[in-house]
Amino acid sequence: MDFFNKLPRNKREFALFMAVVSVISVSLIAPIITCLEIGFRIQNWFKVMRVLPLLWPSVIAVVLITYKPSEWLTSKLVKQGDSFSAVMTINTLCSVLFISFFLTIIGTWIGTGSVTWDPIRHFVHLWPRNMTIAFLIEALIAQPAARQVMVLIHKDCRI
């Protein structure tokens, strides 16, 4: 029943689900990662806020590009009968694995306003940190919030 009530059932609900997840994720992940790089100061936070309108469409694009590979990997790691929580945790982990891989580089380019080799050169130590931050925010805040929105939408549609 959780799969039916907590997940999108059609394209419109999928778009809403993705909007909720992406807005929360971009609003939290980008500032945390940036402030870890350049310091936790209010002026740095304002710098990040100015870049978010450019970053958000990139996040959406990367999510859509990595959606099928994430679903494929999830299907290889879960089996029929696994709990909703187990499937969602593995799915989130697979999604964040792919998304963080690309956004570690692309996000840095957007954030700094220049395409350089730096994020590629420092990828080995940046990506694990970025993936961990993204996974925790996705698993503990963004995904549960979006699933709660779906529950509210489906509340009147229960069988």
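The values are calculated or read from the model by the stated rules, or taken from the named source; none is laboratory data. Treat the numbers as computed from the prediction; the structure is a model and nothing was measured. In this analysis, Cβ positions are derived from the backbone assuming ideal geometry, glycine residues included, and neighbour counts consider all displayed protein chains. The accessibility values were calculated without ligands, DNA or RNA, using every heavy atom of the protein model including side chains. Shrake-Rupley method; radii C 1.70, N 1.55, O 1.52, S 1.80 Å.
In summary, the aspartates and glutamates within cross-link reach of residue 155, defined as a Cα separation below 14 angstrom excluding same-chain residues under 8 places away, comprise 2, 13.
The Cα atoms of segment 106-147 define a convex hull whose projected area, averaged across directions, is 3.4 nm².
Gain on full extension, evaluated as 0.36 nm per residue between residue 11 and residue 84 minus their Cα-Cα distance, stands at 24.2 nm. The candidate values are [x] 10, 37, 37, 15, 2; [y] 10, 32, 28, 17, 10, 3, 0; [z] 10, 38, 33, 15, 4, 0; the one derived from this structure for P(r) over Cα pairs in 10 Å bins from 0, in percent carries the label [z].
In angstrom, the C-alpha Rg and Dmax of segment 74-138 are 14.5, 47.
For the pair residue 123 and residue 145, a Förster radius of 30 Å applied to the C-beta separation gives a FRET efficiency near 0.50, rounded to the nearest 0.05.
Evaluated on segment 24-102, the Kirkwood hydrodynamic radius is 14.2 Å, with distances taken between all distinct Cα atoms. Working note: 222 nm ellipticity from helices only, DSSP H runs with n ≥ 4, each -39,500 (n - 2.57), summed and divided by the residues of the chain, gives -27500 deg cm²/dmol to the nearest 500. Per-atom-type breakdown for segment 1-149 gives carbon and sulfur 70% of the accessible area (1.4 Å probe, protein chains only). Excluding same-chain neighbours fewer than eight residues apart, the lysines reachable from residue 79 by a Cα-Cα span under 26 Å are 6, 11, 68.
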